[in-house]
Amino acid sequence: MDIGGTGIKAAIVDTRGQLRETLYQPSPRTNSALHDFVHSLIKRATAPLRGIGVGCRGVIDPSSTRVKSSPGDLNFLEGQLLSDAIGAGDLPVCAENDARVALIGEVLWGAARGRRNVVMLTLGTGIGGAVLVDGAILHGVNGAAGHLGHTTIDPRGGLCICGNYGCLETHFSSRAIESDYWAHIHRAAPAKLSMSSTGEVPSLEAIFRVAAAGDECARYVLDRAIEYLGAALVSFLHTFDPEIFILGGNIVAAGPQLIATIQDRVARRTRRLLGRDVPIVFQQMVGYGGVAGAAGLVFLKQNLLAI
Ligand SMILES: [Zn+2]
């Protein structure tokens, strides 16, 4: 399963990455809601289960399944063992950060199949990052390595959820782009979208849609966000020298034109040092890719699959 800030997804997954049963609901706010969600799916299994793989937002200790930190809506999980919170009895539980399981899903069955040096960014309410170096997920001494969304790209930028200023996430995440569009509405700039009657800010999907239809405000906001993303990608390619770079999450809704634009900008700035153009591609396993990757954790640990 994949526990995110807004929703939780789960599926029964086989070793080919095929999803048998799927389940979704808004993210739980208590242990008992999490427990009930998982067990309602386990009951639907028609074959014996190998274990439970979990991808979860925040810093997760894979050796114990402890949630070291998860700021925001999943705060109730901090300090807990996911294996205890789920209460799966004899079934082994494997857990990792949600962006890392999404990357594992792509390496086992998706856009990076068979690759051993891969970097991935996932666009959601925040920005997740994961790095595979020579076939191993980069963890760092305390498990926080690969939080690429918290790379400083603007030393004079705004305060971020992580405590730093000017992170990539403050310029290129669903919330950053939505806030920027909202600021334009607030200043009465010409914009096609407006606040809803209940005071909700236009969604990222709506901003992508009106940008494609010619809304100047949406185009300006997205162009600026993409410029920041491009600059960050150049740094990530120079730092990690990967075979392939994957963009996942909500960004896939922006359409293939976005990839062409970014690929061109990034290639011109990295070709000299890297000696080649690194392919930048969308995540293939959209939707339940993180769930499949979480199942992949179990298969990797039990040597049923290998990277
Ligand atoms: Zn940050």
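The values are calculated or read from the model by the stated rules, or taken from the named source; none is laboratory data. A quick note: this is a predicted structure, and the numbers were derived from the prediction, not measured. A quick note on method: Cβ atoms are made from the backbone with ideal geometry, for glycine too, and the neighbour counts reach across all protein chains shown.
Candidates are the residues of the stretch 99-155 that are of a type in the set (Ser, Thr, Tyr) and modelled with pLDDT under 95; the one that is nearest to the ligand (Cβ to nearest atom) is Thr125. Is at least one residue of the stretch 139-148 part of a strand (DSSP E or B) and not polar (S, T, N, Q)? Checking the stretch 139-148: not a single residue is part of a strand (DSSP E or B) and not polar (S, T, N, Q).
Residue under question is Pro190, and the condition is that it be loosely packed, with under 15 Cβ neighbours inside 10 Å and either within 16 Å of the ligand (Cβ to nearest atom) or part of a helix (DSSP H, G or I) (or both); does it hold? The answer is no for Pro190.
Within the stretch 194-202, can one find any residue that is surrounded by 16 or more Cβ atoms within 10 Å (Cβ to Cβ) and in a helix (DSSP H, G or I)? No: the stretch 194-202 contains no residue that is surrounded by 16 or more Cβ atoms within 10 Å (Cβ to Cβ) and in a helix (DSSP H, G or I).
Taking the criterion of being touching a Gly at 6+ places or on another chain (Cβ under 9 Å), modelled with pLDDT of 95 or more and basic (Lys, Arg), the only residue of the stretch 26-67 that qualifies is Arg66.
Residues checked against (1) surrounded by 16 or more Cβ atoms within 10 Å (Cβ to Cβ); (2) part of a loop (DSSP other than H, G, I, E, B); (3) in contact with a strand residue (DSSP E or B) (Cβ under 7 Å, 6 or more places away or on another chain); (4) of a type in the set (A, V, I, L, M, F, W, C):
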| site | (1), (2), (3), (4) |
| --- | --- |
| Ala218 | yes, no, no, yes |
| Gly248 | yes, no, yes, no |
| Ala260 | no, no, no, yes |
| Asp264 | no, no, no, no |
| Arg276 | no, yes, no, no |
| Val281 | yes, no, yes, yes |
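For the stretch 164-187, the candidate set comprises residues that are touching a His at 6+ places or on another chain (Cβ under 9 Å) and within 11 Å of the ligand (Cβ to nearest atom); within that set, the residue that is farthest from Leu229 (Cα to Cα) is Asn164. Whenever a residue of the stretch 167-179 is closer than 14 Å to Leu233 by Cα and aromatic (Phe, Trp, Tyr), its partners that are away from the ligand (no atom under 11 Å from the Cβ) and not in a helix (DSSP H, G or I), lying with C-beta atoms within less than 8 angstrom and at least six residues away or across chains, give the pairs Phe172/Leu123.
Residue-wise test of (1) farther than 16 Å from Asp2 by Cβ; (2) touching a residue at least 60 places away in the same chain (Cβ under 8 Å); (3) not in a helix (DSSP H, G or I).
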| site | (1), (2), (3) |
| --- | --- |
| Pro28 | no, no, yes |
| Asp36 | yes, no, no |
| Thr46 | yes, no, yes |
| Arg50 | yes, yes, yes |
| Gly53 | no, yes, yes |
| Ser64 | yes, no, yes |
| Ser83 | yes, no, no |
| Glu96 | no, yes, yes |
| Glu106 | no, yes, no |
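When Ala232, Ala206, Ala191 are screened for being at pLDDT below 95 and under 19 Å from Gly124 (Cα atoms), only Ala206 passes.
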